[in-house]
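Please treat every number below as a calculation from the coordinates, not as lab data. Nothing here was measured: the structure is a model prediction, and the numbers come from that model. Cβ sites come from the backbone with ideal geometry, for glycine too, and all protein chains shown count toward neighbours.
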Amino acid sequence: MRIVDIFASNKNREGQLFSVIYPDENGDYKECEFERLLNLWTNVEYLRNYAIKNNIKYVYQFVKSRLKDVERIENLIDEIFEQNEPLDIYFKQLWNSETGVKLLSLRKGKTSSKDGLRIFAIKIDDNCFLITGGAIKMSQKNDDHPDTKEEMKNINKVKHYLQENDVFDEDSFYELLIEINYDE
Amino acid sequence: MTNKEKFKQLVHTQKNDIVAKNKARIKNRARLRAAQDIALKVLDRLDDLNWKQVDLAKQMNVSAQQVNKIVSGKENLTLETIVKLEDVLNLSILHSSTEKKRKIEVTEYVTQPVKNVRKNLESTKMFDLASYNEKHRYKNDSAETSTKFVNAS
């Protein structure tokens, strides 16, 4: 797996939003997950086939709604990049029960309550997120649909990869705890 | 070394133009929406005709990849391609949503109640053409024109 900086083109924004690149079937690293998802979600044929495969009653409306959702994501990412808005406005806690400071907090990108698309990410630090994948939201619980279920596996795989590479090793964990206690 | 510093060591220096591509999509949004509408129309029509994309490619004498681009809704279609699609699929594409909207507006105007039309005409009597012409230094033949105008209504 590789990690790229999405905002690397601007020196003032770099180091905030990252994305994973998974190797393709030939072992090559091409599109990062963020780019792959936006390409997929703006593909009318893909969306239409997806709706039919998932027995959506109003296919036309489904496609149009998802295309609208992507436009909202595009706008928000551009706004964050141009106006240096905090990424927390987009990436909310994945588990609604999660409270307080959590190490490598799992997040979901959601533009509004009507947003039918989810981008999954891990919070690395303040205003620093790593996108691990995404899916069309088809069920209330992520484990109830194969696509979101697969994404939950991916996000946990990436989390383990980070831990294996000493991101949030034990020392960092205690450093953070000390900082929190000191602040209190 | 902080956690973020450790993380940054894992980041690959591979260049990307994701932000630029995002901006381009926003800039070209109107065109993309039109291409998406066309893609949906074409896909629906293919289903109606029970055709595969390969069949359409053959009929249009283009590559299957070209058809695939059309139905993805991302292609900047030429007029030639649109006319070809209309012809082969017997489908109205150029009759876009804006034209539909205009048609609705015209229909509403034509069919508005006669009393409203009369009311509008009556309100035009309030307009004093003579003063207007005088104010804007137009040729002073307004008195006659103004009378005719009121009489006509």
Check your understanding: In region A:1-52, which GluC sites (Glu not before Pro) are in a loop and have at most 16 other Cβ atoms within 10 Å, using DSSP for the loop call?
Key -> A:GLU14, A:GLU25
Point to revise | Peptide-level mean, for A:129-141, of C-beta atoms on other protein chains within 10 Å | key: 0
Check your understanding: Quick one: if the Förster radius is 35 Å, what FRET efficiency do A:MET1 and A:ASP143 give, using the C-beta to C-beta distance and rounding to 0.05?
Key -> 0.95
Check your understanding: For the pair B:LYS52 and A:SER113, what calculated FRET efficiency results from E = 1/(1 + (r/R0)^6), where r is the Cβ-Cβ distance and R0 = 51 Å, to the nearest 0.05?
Key -> 0.85
Practice item. Provide a whole-number value for the mean count of partner chain Cβ atoms within 10 Å of the Cβ atoms in peptide A:68-81. Key: 2
Study note, to complete from the structure: Within region A:79-152, DSSP-loop chymotrypsin sites (Phe, Trp or Tyr not before Pro) with at most 13 other C-beta atoms within 10 Å are A:TRP95
Study note, to complete from the structure: Sparse-neighbourhood loop hits (trypsin sites (Lys or Arg not before Pro), region A:1-33; DSSP loop; Cβ within 10 Å at most 10 others) -> A:LYS11
Check your understanding: So between B:ALA30 and B:LEU10, what do we pick up on full extension, going 0.36 nm a residue minus the alpha carbon distance?
Key -> 3.3 nm
Practice item. Select from chain A the helices, each a whole stretch of DSSP H, whose alpha-carbon atoms run 24 Å or more along the helix axis and whose Kyte-Doolittle mean is at least -1.0; answer none if there are none. Key: A:59-83
Study note, to complete from the structure: Rounded to a whole number, the mean other protein chain Cβ count within 10 angstrom for residues of A:39-45 is 6
Review point. So what is the relative contact order of region B:17-89, in percent, for Cα pairs below 8 Å that sit 6 or more residues apart?
Key: 38 percent
Point to revise | Shape box of region A:1-155 [Cα atoms, principal axes, largest first, Å] | key: 44, 38, 31
Point to revise | Estimated inter-spin distance, A:ASP88 and B:THR78, nm [label 7 Å along Cα→Cβ] | key: 5.3 nm
Review point. Normalised by the number of residues in chain A, what is the relative contact order in percent for Cα pairs under 8 Å and 6+ residues apart?
Key: 16 percent
Point to revise | Distance between modelled label sites at B:ASP44 and A:LYS153, nm, 7 Å Cα→Cβ extension | key: 3.7 nm
